[in-house]
Amino acid sequence: MKITFTDTIQEQSQPWELLVRPVTAAELGQESASEKLDAADPLALPAVKEAMQERYRRGSFKASPEQTLSIPLLGLLPNSTAAFIGLGGGAVSADDLRRLGAAAAREVRSQKAASACLLLPTALYAGIGGIETGDAAAALAEGLVLGAYERSKTISEESKKVHAAELQCQLCGEPTEEQTAIWNEGFKRGVTAGEAVVWARDLVHLPGSVLTPEALAEEAEQLAADYDLDCEIIDEWTAQEQGMGGLLAVGKGSVHPPRMIVLHYEGDPDSEEKWGLVGKGITFDTGGYSLKRAPGMEEMIGDMGGAAAVLAAMRIIGSLKLKANVVAVIPSAENMISERAYKPGDVITMMNGLTVEIVNTDAEGRLVLADGMTTALKRGATKLVDVATLTGGVVGALGEVASGIMSNDETFRQQLEEAALRTGERVWPLPAFKEYRRQLDSDAADLKNGAGREGAASIAGMFISAFVGEKPWLHIDIAGTSWISRARGWEGKGATGVMARTLAELVRRG
Ligand code: BES
Ligand code: MN
Ligand code: ZN
């Protein structure tokens, strides 16, 4: 779907098949004042307004958030259909606008419209309580782009039918030049973020047979070329030289060798600060010799959701040219079984010199991430963030609703919580009690890589904290949120691309 914004109010002669009109309960209620509406607005037609009010009175259309009602215009306007989307009664938040955008895009799709216009009533752009106009525009644009997303299927040529649609967003009434300019900037920013997330979702959906660590490295190289970033790909030989024992152990069982992918962005040369963003890039997780059970194993193509989030964040950071320095690190491997694979009981030496007793080959994420953290520190990162589909434990605790977070720095954690609030991606803290760390004590090495199912999400976070030194650190476990079983708001079933926008927002706000 081609999604655009125009600052000029188009004449009624525009041949839009579908008009999408957000509507509040107040506009349909008894006491609704008849403010002057644009001629292009379907609600300006008495017949349409009466029909909508009647449905509102009856209770079949309450204008509740995301509720959609489409009615044919039967020649009353040059457009064939009007779709009304509820906005509820209260104040409109950024999340409401994302949901509105997503519902609008879905409606365009389900109506099979080739062209559509989203009309924004004055109340929606002329100063919404609580949000800046630019942020409102960005949120709406994100919703439109993300709501239009569909997982692409690998199907036979004949049955392939792409729904090509154009959706244009227009401001009703008489926006000032300033309002239009702010809206224009915000909308572009939102489209940029939305398109990066869509790209992340596509990466996550790629099967393991296609997206090997080498293929992921090529994606990163292409990204670097497109957004003017520096890119280093560390292959298995260089990884050996640099002592990346965690990455190599996990990758050993596969014919597809592991890669440590490093991207550099220098947007603030005068600053000493450098973000280290580290994303888990397991392109398929069988569990290794601590084999996973069969049901649902296909979803382990998504065990590189953290990598996708970090890469997509780099895409946002690079295209918006944010004022910050960032080193992004993606440790990537395929966790397989073979005569060369690592085994329970093995003791490995990590890149920072710590030794680890392997007790469970399915606790592979923390091993590759640990070397990723060391790599980021060696490249000068002053604050670290890791993002990973790390534990079933976090799914048990928080479900698909929120990502689990951990930190060694209270202020830093609050910054993340604030960024996540702005992007509408829920996070919730996991406890970091020292008792969890003690459960990782080993008889054979400095620490072991697992300690059973109980408290697993916290224990996994504590494992990673052993590799961050004294640097401020944030850990985000997206095992429950990166891949969801049913659609909601601006997220469809399957890959969500979660945390790409939050990471970029974190970096943007410094
Ligand atoms: N990739 C999995 C975690 C996961 C589970 C992601 C469900 C997405 C959905 C991870 O590598 C894993 O297997 N974790 C183990 C750790 C345990 C062996 C300590 C887990 O949580 O079961
Ligand atoms: Mn695993
Ligand atoms: Zn995994």
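The values are calculated or read from the model by the stated rules, or taken from the named source; none is laboratory data. Being a predicted model, the structure only gives us computed values, none of them experimental. Every residue, glycine as well, gets a Cβ built from its backbone with ideal geometry; the counts of neighbours run over all protein chains shown. Areas reflect the complete protein model, heavy atoms only, side chains present, ligands, DNA and RNA absent. Shrake-Rupley method; radii C 1.70, N 1.55, O 1.52, S 1.80 Å.
A search for C-beta distances below 6 Å between a residue of the stretch 264-277 that is assigned by TED's automatic domain parsing to the domain that holds ALA313 and any residue that is open to solvent by 30 Å² or more (accessible area, probe 1.4 Å) and β-branched (Val, Ile, Thr), counting only pairs 6+ apart in sequence or on different chains, returns GLU273/THR382; LYS274/THR382. Restricting the stretch 245-260 to residues that are in a loop (DSSP other than H, G, I, E, B) and more than 13 Å from ligand 2 (Cβ to nearest atom), which is farthest from THR382 (Cα to Cα)? Per the stated criteria, the residue is VAL255.
For the stretch 249-260, filtered to residues that are under 23 Å from LYS448 (Cα atoms) and buried (at least 24 other Cβ atoms within 10 Å of the Cβ), the residue that is nearest to the chain's Cα centre (by Cα) is MET260. Listed by first and then second residue, the pairs with beta-carbon distance under 8 Å, at least 6 apart or on different chains, first residue in the stretch 285-296 and without any contact (Cβ under 8 Å) to a residue 24 or more places away in the chain, second away from ligand 3 (no atom under 13 Å from the Cβ) and among the β-branched types (Val, Ile, Thr), form an empty list.
Scanning the stretch 473-485 turns up no residue that is in a helix (DSSP H, G or I) and out of contact with any Ser or Thr (no Cβ under 6 Å at 6 or more places or on another chain).
Pairing residues of the stretch 361-373 that are of a type in the set (Lys, Arg) with residues that are open to solvent by less than 10 Å² (accessible area, probe 1.4 Å) and not in a loop (DSSP other than H, G, I, E, B), at Cβ distances under 7 Å and at least 6 apart in sequence or on separate chains, gives ARG366/ALA460; ARG366/PHE463; ARG366/ILE464. If I ask for residues that are more than 16 Å from ligand 1 (Cβ to nearest atom) and open to solvent by less than 50 Å² (accessible area, probe 1.4 Å), which ones from the stretch 320-347 would you list? Residues satisfying the conditions are LEU322, ALA324, ASN325, VAL326, VAL327, ALA328, VAL329, SER338. Looking only at residues in the stretch 261-310 that are charged (D, E, K, R), more than 26 Å from TRP473 (Cβ to Cβ) and not in a loop (DSSP other than H, G, I, E, B), the one that is farthest from ligand 1 (Cβ to nearest atom) is GLU298. Filtering the stretch 391-398 for residues that are away from ligand 2 (no atom under 16 Å from the Cβ), in contact with a Pro (Cβ under 8 Å, 6 or more places away or on another chain) and not assigned by TED's automatic domain parsing to the domain that holds ALA139 leaves an empty set.
ASP386 fulfils the conditions (1) in contact (Cβ under 8 Å) with a residue 40 or more places away in the chain; (2) open to solvent by 10 Å² or more (accessible area, probe 1.4 Å) except for a single criterion, (2).
If PRO257 satisfies every condition in (1) under 28 Å from MET297 (Cα atoms); (2) in contact (Cβ under 8 Å) with a residue 60 or more places away in the chain but one, which is the exception? The failed condition is (2). Do we have any residue at all in the stretch 316-323 that's out of contact with any helix residue (DSSP H, G or I) (no Cβ under 9 Å at 6 or more places or on another chain) and either away from ligand 3 (no atom under 11 Å from the Cβ) or at pLDDT below 95 (or both)? Yes, the stretch 316-323 contains at least one residue that is out of contact with any helix residue (DSSP H, G or I) (no Cβ under 9 Å at 6 or more places or on another chain) and either away from ligand 3 (no atom under 11 Å from the Cβ) or at pLDDT below 95 (or both). Residues that are within 14 Å of ligand 3 (Cβ to nearest atom) and within 14 Å of VAL326 (Cβ to Cβ) within the stretch 267-291 comprise just one, GLY279.
For the stretch 212-221, the condition of being within 16 Å of ligand 2 (Cβ to nearest atom) and in the same structural domain as ILE484 (by TED's automatic domain parsing) holds for at least one residue. Identification of helices (runs of 4 or more DSSP H) wholly contained in the stretch 352-423 with 1 or more residues that are within 15 Å of ligand 3 (Cβ to nearest atom) and in contact with a helix residue (DSSP H, G or I) (Cβ under 6 Å, 6 or more places away or on another chain) yields 365-378, 392-398.
Of all the residues in the stretch 349-371, those that are within 16 Å of ligand 2 (Cβ to nearest atom), open to solvent by 10 Å² or more (accessible area, probe 1.4 Å) and closer than 21 Å to GLN242 by Cα number 1. Could you tell me whether any residue of the stretch 465-472 is part of a helix (DSSP H, G or I), within 11 Å of ligand 1 (Cβ to nearest atom) and either assigned by TED's automatic domain parsing to the domain that holds GLU364 or open to solvent by 10 Å² or more (accessible area, probe 1.4 Å) (or both)? Among the residues of the stretch 465-472, not one is part of a helix (DSSP H, G or I), within 11 Å of ligand 1 (Cβ to nearest atom) and either assigned by TED's automatic domain parsing to the domain that holds GLU364 or open to solvent by 10 Å² or more (accessible area, probe 1.4 Å) (or both), which makes the answer no.
Scanning the stretch 400-453 for residues that are surrounded by fewer than 16 Cβ atoms within 10 Å (Cβ to Cβ) and in contact with a Phe, Trp or Tyr (Cβ under 8 Å, 6 or more places away or on another chain) turns up just one, ASP409. For first residues located in the stretch 476-494 and free of Cβ contacts under 8 Å to residues at least 40 places away in the same chain and within 16 Å of GLY424 (Cα to Cα), partners that are open to solvent by 30 Å² or more (accessible area, probe 1.4 Å) and of a type outside the set (A, V, I, L, M, F, W, C) and lie 6+ apart or on another chain with Cβ distances below 8 Å form the pairs ALA487/LYS493. What about GLY246, is it open to solvent by less than 10 Å² (accessible area, probe 1.4 Å) and either within 14 Å of ligand 3 (Cβ to nearest atom) or assigned by TED's automatic domain parsing to the domain that holds TYR227 (or both)? Spelling it out, GLY246 is indeed open to solvent by less than 10 Å² (accessible area, probe 1.4 Å) and either within 14 Å of ligand 3 (Cβ to nearest atom) or assigned by TED's automatic domain parsing to the domain that holds TYR227 (or both).
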